[in-house]
Amino acid sequence: MGVERDGRIVGIETSFTRDHGAAPTLGEAITLNTINHLPGPYRVPHYRGAGRNVLTHKTFAAAYRGAGRPEAAFVLDRLLDRAARRLHMDPAALRRLNLIRPDEMPSPTGLTYRDGAPIVYDPADYPAAFDRLLATLDYPGWRAEQARRRGGPRPIGIGLCAYVEGTGIGPFEGADIRVDPDGTVFVHLGVCAQGQGHETTLAQIAADELAVPLESVVVMGGDTTLVGYGMGTIASRVAAVGGPAVQRSAAQVARKARLVGAELFECAPEDVVLADGRVHVRGAPDRSATLGQVARAAVRSRAVAEAGGPGLSACAFFYPDTVAWAFGVQGIVLEVDLEACTIGLLRLAALHDCGRPINPVIVEGQLHGGIAQGLGSALGESMTYDEAGQLLTGTLMDYPMPRADDMPPLEVVHLDFPSPINPLGIKGVGESGVISPAAAVANAVEDALADYGVEVDRPPVTAARVFELLRATGRWPAGKGGP
């Protein structure tokens, strides 16, 4: 990374290899994710990157939450922190100086996403969001506490990591919606859930469009006998691509309900209102029927002859032009025990812009889960092999996943900058939490041990790794049990 003396980034150059193991199951997709996300949310006037995919005898690599983005964030934020240290700048000040400003949005990067479209960041206010995260973390307060602890047995470090994420890749997603005569609304999808809460979020979209109680909506996914085509629950895409498909199908069903209602009530379709699971004439709520009754009438009604055929049902697909760009930033405060070389997490604050959140509780759950996975990669998880390519960390005795007592208090802040890429303004959130933790932890550990010249180049940062780093510097703190 090249920077001016005032801290402004002038260029980034990177060259890396990616170990794909025995088979390139996703081709160059993960490598392209790393290349395209490495500039982050910053103004980078000159950028050159080269990634090489290498096949080895190790376990084949596939997509894991984040899929190439955490690696990009790790490298970028290590460079930013070291540039700040060289320039004697506060790392938060250097980042803020280089963040893309609102008046520069939408911001093209000059790169091309893996869907073939030019990368253009969605409008948002990155500096204001960054400042809000610093306030939530109490950045000045922790800097003061760090100064008080300097030279003690448990120095404090603060790590920051801001990121962007391309979410909602196409080419399409579809939804088939049908209203039964008993009033149940069935939403059939081409994708399936793995715990993301589709049964709630996509039901909310259908319920809002059809004006029915949420409990009357049943979401079913992943059955090709119901919807023959679907691109999969990957790449933070279901809400951003499947959500608009549900909205579009539900809107078509609502239109058919108004046509049939107009026939039943002998009025114009624009005078028919859907509300609380019923269909009635505007201004005359006594002239009404349940949506289920209208669905029964729609089977024989000629009003829907030109609107998709019998019944209250419709199937629609949404094709986004390209991805929606989400933004976020995380801050971590930790302490390093110089005698035991252990790391204790004291505070973690996360801010994320996912566009219009369908369900804030589920968004927060996605972030909590992603952060936990990211902390696992930062503090313990590692695929370690011997010289013959034999995996040494193949059990949970050797591959330590984070436990509940490893998690610090989490404070999550939501922002809402709607995306122009889809009609609901949604940006994906499924992978966002996992992008920053490894970078932020590495930044914080290096910050805590800056007096000893420690440089963290790779995760995970285990106690054994901290011991090795301190020993390698030859500057182990006196009286702290070092070699």
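The values are calculated or read from the model by the stated rules, or taken from the named source; none is laboratory data. No experiment lies behind these values; they were computed from the predicted model shown. Every residue, glycine among them, receives a Cβ derived from its backbone with ideal geometry; neighbour counts consider all protein chains shown. We work out accessible area using only protein heavy atoms, side chains counted, and drop any ligands, DNA or RNA first. Shrake-Rupley method; radii C 1.70, N 1.55, O 1.52, S 1.80 Å.
Only protein atoms count toward the accessible area here, which uses a 1.4 Å probe; on region 26-150, the carbon and sulfur part of that area reaches 58 percent.
For the chain, what are the DSSP H helices with axial Cα length of 30 Å or more and mean Kyte-Doolittle hydropathy of at least -1.0?
243-265
For the chain, what is the charge dipole size about the Cα centre, in debye to the nearest 20, if Lys and Arg each add +1 at the Cβ and Asp and Glu each add -1 at the Cβ? Spell out each step's value before the answer.
On the way: 44 positive and 55 negative charges, 142 e Å.
With only Lys, Arg, Asp and Glu charged at Cβ, the dipole is about 680 debye.
Per the Kirkwood formula applied to alpha carbons, region 378-483 shows a radius of gyration over Rh ratio, Rg over Rh, of 1.10.
Taking all protein chains in place and a 1.4 Å probe, what share, in percent, of the accessible surface of region 317-438 do carbon and sulfur account for?
Working: 2750 of 4950 Å².
About 56 percent, which is the carbon plus sulfur part of the accessible surface.
Taking the DSSP beta bridges with both ends in the chain, the antiparallel portion is around 70 percent. Dividing the mean sequence gap of close Cα pairs (under 8 Å, 6+ apart) by how many residues the chain holds gives a relative contact order of 18 percent. How much area per residue is accessible in the chain when the probe is 1.4 Å and only protein heavy atoms are counted (Å²)? Per-residue accessible area for the chain comes out at 44 Å².
Where the only charges are on Cβ atoms (+1 Lys, Arg; -1 Asp, Glu), what is the dipole of region 80-146 about its Cα centre, to the nearest 20 debye? Kindly include the intermediate steps, with their values, before the conclusion.
Details: 9 positive and 10 negative charges, 71 e Å.
Around 340 debye, computed over region 80-146.
Across region 304-376, Cα pairs under 8 Å and at least six residues apart give a relative contact order of 22 percent. Positive-end ranking of 250, 194, 410 along the dipole of the chain, with charges on Cβ about the Cα centre, is headed by 410.
Taking a Cβ cut-off of under 13 Å around residue 110, the surrounding Lys, Arg, Asp and Glu residues balance to a net charge of +2, with basic ones at +1 and acidic ones at -1.
Could you tell me what percent of the accessible area of region 153-295 is made up of carbon and sulfur, with a 1.4 Å probe and every protein chain present? Write out the running numbers ahead of the final one.
Numbers: 2780 of 5540 Å².
Answer for region 153-295: carbon and sulfur cover 50 percent of the accessible area.
The antiparallel fraction among DSSP beta bridges confined to region 1-117 stands at about 25%. When only Cα pairs below 8 angstrom with a gap of at least 6 residues are kept, region 401-475 shows a relative contact order of 19 percent. When you filter the GluC sites (Glu not before Pro) in region 172-269 for DSSP loop state and at most 14 other Cβ atoms inside 10 Å of their Cβ, you are left with 266.
When the convex hull of its Cα atoms is viewed from all sides, the chain shows a mean projected area of 26.2 nm².
Just order 290-299, 460-469, 334-343 by mean Cβ neighbour count inside 10 Å, highest at the front, would you? Kindly include the intermediate steps, with their values, before the conclusion.
On the way: 290-299: 21.6, 460-469: 17.2, 334-343: 19.3.
Output ranking for 290-299, 460-469, 334-343: 290-299, 334-343, 460-469.
Each peptide in 63-74, 140-151 gets a packing score, the mean of other Cβ atoms within 10 Å over its residues, and the list from highest to lowest is 63-74, 140-151.
Only four residue types carry charge here, +1 at the Cβ of Lys and Arg and -1 at the Cβ of Asp and Glu. Report the dipole size of region 1-92 about the Cα centre in Debye, rounded to the nearest 20. Before the final figure, lay out the partial values.
Working: 13 positive and 9 negative charges, 14 e Å.
Charge dipole, region 1-92, about its Cα centre: 60 debye, nearest 20.
The residue list 140, 292, 123 was ranked by how far each Cα lies along the charge dipole of the chain toward its positive end, using unit charges on Cβ atoms, and 140 comes out on top.
Rounded, prolate or oblate: which one fits region 315-372, using the alpha carbon gyration tensor with axes a ≥ b ≥ c (rounded when a/c is under 1.5, else prolate when a/b beats b/c, else oblate)? Intermediate results must be reported in sequence, preceding the final value.
Numbers: a/c = 3.56, a/b = 3.01, b/c = 1.18.
Prolate.
Packing, as the average of other Cβ atoms within 10 Å across residues, places the peptides 347-357, 82-92 in the order 347-357, 82-92, highest first.
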